[in-house]
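Beneath this line is the structure, given in structure tokens, with notes to follow.
The values are calculated or read from the model by the stated rules, or taken from the named source; none is laboratory data. Everything quoted here is computed from the prediction, not taken from an experiment. Note that we place each Cβ from the backbone using ideal geometry, even for glycine, and neighbour counts take in every protein chain shown. Keep in mind that these areas ignore ligands, DNA and RNA; they rest on the heavy atoms of the full protein, side chains included. Shrake-Rupley method; radii C 1.70, N 1.55, O 1.52, S 1.80 Å.
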Amino acid sequence: LFTEDSKGELHDRFRGRVMFPLLDANGHVVGFSGRVLDTTDKSIPKYLNSPETELFNKRRNLFNFNVARKSARKDGKIYLFEGFMDVISAFSAGVTNGVASMGTSLTSEQVRILSRATNQLDVCYDGDEPGQNAINRALDLIKENAGSKLTIRVVQLPAGIDPDEFVQQRGEEKFRQYLSDSEETSVDFKLRFLRHDVNLSNQA
């Protein structure tokens, strides 16, 4: 929670930030993440996590995993969202089996943790170009580290709309229905992703 300067004085590490407690798989607080309130200063990182410790390692932790793995026993799947706020928005709409990585790209350690908690993982990122690229990287990482242990599905949100905006515009029931109706296989996604910006009629 604090940083120490050269004089030995303590300062609030998360000043001016909204705080998110980070819990381990058993629901114990192991660290914190803070989202900056004033976004005008681009030199300040949007998210700031607690420093790495023996208890908290962001490569081996997933936001909301302690709740999601319990919900997955009933629902049979876990949703992988892009960020904390996506998970919170989905949770408020009744989708309690959502997780997100700790402000970084998905890691091999997180994939292995997920493969032990569920049989199906739905990658639910934005439908814009950065989201498409992130999905493609995530699928490659999942295949490399989980193999046949996980059934992979892709759910792309409409471009430029995050879960919170979707719920505000269309309602909670429509959001849950969209997640259910918009699943596609990783193969279908890959074929469409590889066709993007490629002229298939040109055989040269």
**Asked** If packing is taken as the mean number of other Cβ atoms within 10 Å per residue, what is the order of 12-22, 90-100, highest first?
**Response** 90-100, 12-22
**Asked** Roughly what % of Cα-Cα distances in region 109-204 sit above 16 Å, to the whole percent?
**Response** 60
**Asked** In whole percent, how big is the carbon plus sulfur part of the accessible area of region 13-139, probe 1.4 Å, protein atoms only?
**Response** 50
**Item:** In Å, descending, principal axis extents of the Cα set of region 27-110
**Value:** 43, 31, 23
**Request:** Compute the Cα gyration tensor for region 61-134, then decide on rounded, prolate or oblate, letting a ≥ b ≥ c be the square roots of its eigenvalues: rounded whenever a/c is under 1.5, prolate when a/b is larger than b/c in the other cases, and oblate in all that remain.
**Result:** oblate
**Request:** Working with all protein chains in place, sort Lys7, Lys74 by solvent-accessible area computed with a 1.4 Å probe, largest first.
**Result:** Lys74, Lys7
**Prompt:** For Arg153, which sequence-distant residues (separation of 5 or more, or a different chain) have an amide H within less than 5 Å of its own amide H, given hydrogens modelled in the peptide plane?
**Reply:** Leu121, Asp122, Val123
**Asked** Taking a threshold of 22 Å on the Cα-Cα distance, which of the pairs Lys74/Lys149; Lys7/Lys42; Lys46/Lys143; Lys7/Lys58; Lys143/Lys190 fall above it?
**Response** Lys7/Lys42; Lys46/Lys143; Lys7/Lys58
**Message:** Taking the alpha-carbon distance from Lys77 and a cut-off under 13 Å, which aspartates and glutamates remain once sequence neighbours fewer than 8 residues away in the same chain are dropped?
**Reply:** Asp122, Glu183
**Prompt:** Stokes-Einstein D for region 90-130 at 25 °C, 0.890 mPa s, Kirkwood Rh over Cα pairs, in µm²/s?
**Reply:** 205
**Message:** Taking a virtual spin label 7 Å from the Cα of Ser92 along the C-beta vector, which residues in region 23-42 bring their backbone nitrogen under 18 Å of it?
**Reply:** 35-37
**Request:** Apply 1/(1 + (r/R0)^6) to the Cβ-Cβ distance of Lys70 and Ser108, taking R0 = 22 Å, and write down the FRET efficiency to the nearest 0.05.
**Result:** 0.40
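Which GluC sites (Glu not before Pro) from region 137-199 combine a DSSP loop assignment with at most 11 other Cβ atoms within 10 Å?
none
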**Message:** Quick check: residue separation of Glu165 and Arg13 times 0.36 nm, minus the Cα distance between them. What number comes out in nm?
**Reply:** 51.7 nm
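If each residue of separation counts as 0.36 nm, what is the full-extension length gain between Glu4 and Glu52 once their alpha-carbon separation is subtracted?
So the extension gain works out to 15.7 nm.
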**Asked** Once the other residues with Cβ under 11 Å from the Cβ of Ala25 are scored (Lys, Arg +1; Asp, Glu -1), what is the net sum?
**Response** +3
**Fill in**
Scoring the chain by relative contact order with C-alpha pairs under 8 Å, at least six apart, yields a percentage of 15
